[in-house]
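Right, one structure below, let's go through it.
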Protein chains: 2
Amino acid sequence: MRDHPETTFTHSASTLGRRSFIQRLTGIGAAACIASQKNLAAKDTITMQTIANPRLFTFIGGNSGTWQVTARKTVIGEPLPTVKRLDIVIGEVKELPEDALWKLAGVTSHERYVTRAEKDQLAAKQVTIGRPEATHAAMIPIRKNSKWWAMTQDERRAIFEESSHHIKIGMKYLPAIARRLHHCRDLAEPQPFDFITLFDYTKADANAFEDMVAELRTTEEWKYVERETDLRMVRESK
Amino acid sequence: MRDHPETTFTHSASTLGRRSFIQRLTGIGAAACIASQKNLAAKDTITMQTIANPRLFTFIGGNSGTWQVTARKTVIGEPLPTVKRLDIVIGEVKELPEDALWKLAGVTSHERYVTRAEKDQLAAKQVTIGRPEATHAAMIPIRKNSKWWAMTQDERRAIFEESSHHIKIGMKYLPAIARRLHHCRDLAEPQPFDFITLFDYTKADANAFEDMVAELRTTEEWKYVERETDLRMVRESK
C-alpha cells in the first residue's frame with residue numbers, strides 16, 4: 001500500500017543543537033512543525049514529516065484487506081457503497097488505495113461518559129480487539145444529529161446512560177465482545193460520521209452480538225442517530 | 001500565503017449521477033473521500049480535494065499576521081520560539097509559510113464540562129471573539145498530563161468545576177473577555193498541545209484579564225497542566 005503512513009524523521013545535515021531546538025519546539029507533537037532551513041535561519045536543512053498517530057485508525061473499504069465483508073446494512077441515512085473487503089490500518093492514509101472505494105478515519109481517545117465506578121467494572125471484564133479466536137467483526141459508523149451535539153454534557157450523559165443504559169447493555173456482553181471506539185467528529189478533515197465502533201467476537205458469540213445491537217437501537221440515545229451503517233465481517237482464524 | 005486551504009471541488013467531466021453518488025457516499029463530509037476514475041469504474045474523472053473545516057483554526061507564529069506579539073511567557077514546560085506576529089486562519093495549513101516559525105492547529109467543538117444551567121448562564125453573558133474594540137488578545141496553548149486523561153468524566157468534572165471553579169471564575173469576567181476554545185488532542189496529526197484558548201478584550205480590560213488567568217493558575221486543575229505558553233498580542237483597532 002503506497003500511501004501507508006510511516007514514522008519518518010529526516011534531517012539531512014542537522015546538528016544536535018538544531019535537533020533539540022525542534023524537540024523543544026514541538027514537544028511530543030513533533031509532527032506539528034515542519035521546519036525548513038529558511039525558517040530557522042540555519043545552514044542545515046531539517047525536514048520533519050508526519051509521525052504516524054498510533055491512536056488514529058483508517059478503515060479502507062475495497063477489494064483487499066484482512067476482513068471479508070459478509071453483510072452490509074444501512075440502518076439510517078445514506079448508505080456506504082458496498083465493498084468486498086475491509087482493511088484497518090494504524091495511522092493516516094492520505095490517498096485512497098487503487099482498489100478501494102472509500103476510507104473512513106477515527107481516533108481513539110479518553111472516555112467521555114463513563115464514571116469511575118463504571119470504568120472499574122468495565123476494566124475488570126473487557127478484552128482487547130484482536131483475540132486470535134475472534135474471527136467475526138462488525139464495523140458500525142454512526143453520525144448523531146445537531147440536537148445531540150447542542151446538548152450539554154449532563155444532558156447527553158442522562159440520555160446515554162440513565163435513560164438508555166448504553167454502558168449497562170454493553171457490560172452484559174463482556175468479555176465475549178471486544179469493542180474499540182474511534183472518534184471522527186473533531187478531525188481536521190471533515191468526516192461523514194462522528195464515530196466508528198469496531199467489535200470482534202467468536203462465531204459462537206455472533207447471535208449475542210445481534211441481540212446487543214438490536215437492544216441498543218431501541219434506546220432513546222438512538223433517536224439522535226441520523227446516519228448509521230453496519231458492516232459484518234469474517235477473517236481466517238490466526 | 002501559498003498553502004492557505006481553499007474550498008476546492010473539482011470535477012473534470014462529471015455527470016449529475018456521479019456527483020450524487022459522491023454526495024451519498026460522503027454525506028456532510030465530502031472531504032473524507034477522494035474518488036478517482038478507476039475506483040468508481042466510471043469514464044469521467046472526479047477529484048475531490050479537502051473542503052476546509054470551518055471549525056478548524058491554524059495559528060501561525062512568524063513575522064506576519066494581524067496580531068503583533070507583545071509578550072511571551074512560558075508558564076510550564078518547553079517554550080515556543082519567540083515570534084513577532086501571529087496569524088489566525090480558518091482551516092488547515094498544510095505547509096508552514098515561508099516567514100513562519102511554527103504553526104498550531106485546533107478545532108472548536110461541543111462543550112465537554114458545562115451543565116445546562118451553566119451553559120444558559122454563560123449564553124446570557126458571553127460574547128464572540130472579534131469585537132472591533134477588542135484590540136488586545138491572548139493565545140494560551142496548554143497540554144495536560146497523562147494523569148488527567150486517565151481520569152473519568154466525573155473525576156475530571158469534579159476537579160474542573162466543583163474544586164477549581166473554572167466556569168465560575170470565567171463567568172466573572174463576562175462579557176468583558178471573549179473566549180474561543182480549540183481542541184488539538186484528537187487531530188490526526190499529533191499536536192504539542194491539547195488545547196489552544198484564544199481570548200480578546202479591550203485595553204481597559206487588560207488588567208482584569210491578568211487577574212483571571214492568575215486565579216485559574218492557582219487551582220487544582222492547573223496541577224495537571226504540564227505545558228503552557230502564554231502569548232499576549234495587540235492589533236490596530238478596526
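Laid out as a table, the results:
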quantity: Per residue accessible area of the range B:79-171, 1.4 Å probe, in Å²; calculated: 41 Å²
quantity: Burial of 10 Å² or greater, the range B:190-219 residues [accessible area, probe 1.4 Å, versus chain by itself]; calculated: B:190, B:191, B:192
quantity: Teacher prompt: residue A:81 distances to equivalent labels in other copies, 7 Å Cα→Cβ, nm; calculated: 4.3
quantity: For residue B:227, distant residues with modelled amide H under 5 Å away; calculated: B:143
quantity: Nearest beta-carbon to the A/B symmetry axis - residue in chain A, distance in Å; calculated: A:186, 3
quantity: Buried area at the A-B interface (accessible, heavy atoms, 1.4 Å probe, summed, Å²); calculated: 5200 Å²
quantity: Aspartates and glutamates with Cα under 16 Å of residue B:84, excluding same-chain neighbours fewer than 8 positions away; calculated: B:98, B:99, B:230, B:236
quantity: Estimated vicinal HN-Hα couplings, Hz - the range B:103-116 in sequence order (Karplus 6.51, -1.76, 1.60; Gly, Pro = x); calculated: 9, 10, 10, x, 10, 6, 8, 5, 6, 9, 10, 5, 8, 4
quantity: Accessible carbon and sulfur surface of the range A:56-234 relative to its total accessible area, %, 1.4 Å; calculated: 54 percent
quantity: Sequence-distant residues sharing a close amide H with residue A:129 (under 5 Å, placed H); calculated: A:179
quantity: Teacher prompt: residue A:128 distances to equivalent labels in other copies, 7 Å Cα→Cβ, nm; calculated: 4.6
quantity: Kirkwood-type radius of the range A:56-234, with distances r between different C-alpha atoms, in Å; calculated: 16.9 Å
quantity: Distance violations [Cα-Cα > 24 Å] among A:125/A:168; A:238/B:147; A:73/A:119; A:168/B:119; B:73/B:103; B:168/B:238; calculated: A:238/B:147; A:73/A:119; A:168/B:119; B:168/B:238
quantity: In sequence order, calculated HN-Hα J values of the range A:185-195 (Karplus, 6.51, -1.76, 1.60; Hz; x Gly/Pro); calculated: 4, 10, 6, 4, 8, x, 10, x, 10, 8, 9
quantity: Other-copy label distances relative to residue B:117, 7 angstrom Cα-Cβ extension, nm; calculated: 2.1
quantity: In sequence order, calculated HN-Hα J values of the range B:156-168 (Karplus, 6.51, -1.76, 1.60; Hz; x Gly/Pro); calculated: 5, 4, 4, 6, 4, 10, 4, 8, 9, 6, 4, 5, 4
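The values are calculated or read from the model by the stated rules, or taken from the named source; none is laboratory data. Since we're looking at a predicted model, the values are computed, not measured. Don't worry about glycine lacking a Cβ; one is built from the backbone with ideal geometry, like all the others, and counts go over all protein chains shown. We work out accessible area using only protein heavy atoms, side chains counted, and drop any ligands, DNA or RNA first. Shrake-Rupley method; radii C 1.70, N 1.55, O 1.52, S 1.80 Å.
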